[in-house]
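Each remark here refers to the structure printed beneath this line.
The values are calculated or read from the model by the stated rules, or taken from the named source; none is laboratory data. What you see is a predicted model, and the numbers here were worked out from it, not measured in a lab. Cβ placement follows ideal geometry from the backbone for every residue including glycine, while neighbour counts extend to all protein chains displayed.
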């Protein structure tokens with residue numbers, strides 16, 4: 001959703017959306033991956049999710065790398081729609097920071113904005129790894145940023 005709002009409000013792509021919501025959006029900044037699309041038969045989605053733990057390479061110097069205290073992590077996923085790399089260059093030129101990717105750099109896993117107290121978006125599900133006495137680094141970073149305002 002953060003990518004959609006950035007595309008709409010910063011880049012002026014008024015009708016940017018995810019194909020999960022609008023198959024006919026002129027700016028599908030979030031789309032179903034071609035590898036996933038091949039698996040779909042009609043409206044049968046079973047077995048087509050990106051599910052489980054996946055490695056992620058964090059951009060050195062990014063907020064997320066600072067929060068995790070490392071540049072290689074593993075996070076859990078449960079989705080079939082992804083950041084559309086067709087718009088990657090335009091989004092980055094507009095100021096969106098690609099702060100986490102798959103190890104090969106092809107899948108965008110995390111985004112953020114520079115010079116913002118805490119603007120982070122992730123494809124992963126940090127709630128799967130967070131515990132009351134051991135909060136996930138993203139949640140802890142968010143709470144710290146809020147308390148500093």
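Things worth noting here:
- Residue that is modelled with the lowest pLDDT [pool: residues in region 38-53 that are exposed (fewer than 11 other Cβ atoms within 10 Å of the Cβ) and more than 16 Å from residue 126 (Cα to Cα)]: 41
- Conditions (1) modelled with pLDDT under 95; (2) more than 19 Å from residue 1 (Cβ to Cβ); (3) more than 16 Å from the chain's Cα centre (by Cα): number failed by residue 106: (3)
- For beta carbons closer than 9 Å, sequence separation of 6+ or different chains, a first residue in region 86-111 that is in contact (Cβ under 8 Å) with a residue 24 or more places away in the chain and a second that is assigned to a helix (DSSP H, G or I) and exposed (fewer than 14 other Cβ atoms within 10 Å of the Cβ), the qualifying pairs are 98/92.
- Residue satisfying all of: in region 22-33; at pLDDT 95 or above and assigned to a loop (DSSP other than H, G, I, E, B); farthest from residue 3 (Cα to Cα) among these: 24
- The lone exception for residue 56 - which of (1) surrounded by 13 or more Cβ atoms within 10 Å (Cβ to Cβ); (2) at pLDDT below 95; (3) in contact with a strand residue (DSSP E or B) (Cβ under 8 Å, 6 or more places away or on another chain) it fails: (2)
Rundown of residues vs (1) part of a helix (DSSP H, G or I); (2) exposed (fewer than 12 other Cβ atoms within 10 Å of the Cβ); (3) modelled with pLDDT of 95 or more, yes/no style:
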| position | (1), (2), (3) |
| --- | --- |
| 64 | yes, no, yes |
| 67 | yes, no, yes |
| 87 | yes, no, yes |
| 91 | yes, no, yes |
| 97 | no, no, yes |
| 111 | no, no, yes |
| 121 | no, no, yes |
| 127 | yes, yes, no |
| 138 | yes, no, yes |
